[in-house]
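Novice: Have a look at this one before I ask anything.
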Amino acid sequence: MTDGNRDFIIIVGKLVLISAVAAALLGITYVPTQAQLKINTEQARVQKLSEVMPQAATFDPVYGDTIINEDGDKEILYYIAKDGSGNLIGYAFFKQQPGAQDVIEVAGGVTSDFGKITGMSVLSHAETPGLGAKIIEPAFKGQFKDIPLSQLKLSSSGGSIDSITGATISSQAVIDALGSKVESIKKAEG
């Protein structure tokens, strides 16, 4: 064997060894980080529920029949919001809705009589920066605080929500997400 072949084999051997060690380290850290990621995601979702319904002390999940992962977890349809005394004060929820660029996921709340939206917050979106992305700004989100459900429309359609200039589709997507989810909760609780 020549020196050139021997050097080549040594280099390849070192690369294989480094790759094997890196793969083992990734495998060892994958499980704990996935568990922590799940915990962090759930904590962020609970925080969003508290933002849209700050008067609630607890949020009791209402489960559907659909199993959403290999752990056997069922889909959460919405949450029953209760005050500190355990009285029903409303319902909180998450809803995904197609926007102008991609899916928008919003958190929302509605009073127990389905009369008012208590608030809205955006969990995720991929809307155009400077336009549709303004759905996360306080000026837009603030319009949804304690708004009568009958006024949950764009002002151009006779409602109380001013759309974002140049981003009517994103604005309408948020309204549609809230309205459709409230209707499905109303049917389920009716």
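We did not get these values from a lab; they are worked out from the coordinates using the rules stated. Everything quoted here is computed from the prediction, not taken from an experiment. Quick reminder, even Gly has a Cβ in these numbers, built from the backbone with ideal geometry, and neighbours come from all protein chains shown.
Novice: Give me the net charge of G179's neighbourhood, meaning all other residues with Cβ under 10 Å from the Cβ of G179; Lys, Arg count +1, Asp, Glu -1.
Specialist: Residues near G179 contribute +1 overall.
Novice: If you line up the long axis of helix 168-189 against the longest principal axis of the chain, both from Cα atoms, how many degrees apart are they, to the nearest 10?
Specialist: 70
Novice: Stretched out fully, how many nm does the piece from V46 to A188 gain, at 0.36 nm a residue minus the Cα gap?
Specialist: 48.9 nm is the gain from fully extending V46 to A188.
Novice: Between A126 and I28, 0.36 nm times their residue separation minus their Cα-Cα distance comes to what?
Specialist: 32.0 nm
Novice: Counting alpha carbon pairs within less than 8 Å and at least 6 residues apart, what relative contact order, in whole percent, applies to the range 1-143?
Specialist: Reported relative contact order: 15 percent.
Novice: Moving on to the next point. Given labels modelled 7 Å from the Cα in the Cβ direction, how far is it in nm from T165 to Q151?
Specialist: 2.3
Novice: Further question: Using only the C-alpha atoms of the range 1-53, find the volume of their convex hull and express it per residue in Å³. Don't jump to the answer; show the numbers that get you there.
Specialist: On the way: hull volume 3.1 nm³, N = 53.
It is 59 Å³ per residue.
Novice: Turning to a different aspect of this structure: When each pair of different Cα atoms in the range 55-186 is counted once in the 1/r mean, what is the Kirkwood radius in angstroms, to one decimal?
Specialist: That comes to 15.3 Å for the range 55-186.
Novice: Among Q96, F144, P32, flag the residue with its Cα farthest along the positive direction of the charge dipole of the chain, charges on Cβ as +1 for Lys/Arg and -1 for Asp/Glu.
Specialist: So the residue we want is F144.
Novice: Next question. Report the label-to-label distance for T58 and F8 in nanometres (one decimal), using points 7 Å from each Cα along the Cα→Cβ vector.
Specialist: A separation of 7.1 nm, rounded to one decimal place.
Novice: OK, next. Counting helices only, and only those DSSP H runs with n ≥ 4, report the 222 nm mean residue ellipticity of the chain as the sum of -39,500 (n - 2.57) divided by its residues, in deg cm²/dmol to the nearest 500.
Specialist: After summing the helix terms and dividing by the residues of the chain, the value is -14000 deg cm²/dmol.
Novice: Further question on the same structure: Could you list, in their original order, any pairs among K95/K134; K74/K134; K74/K181; K38/K181; K14/K38; K82/K181 whose Cα atoms are separated by more than 30 Å?
Specialist: K74/K134; K14/K38
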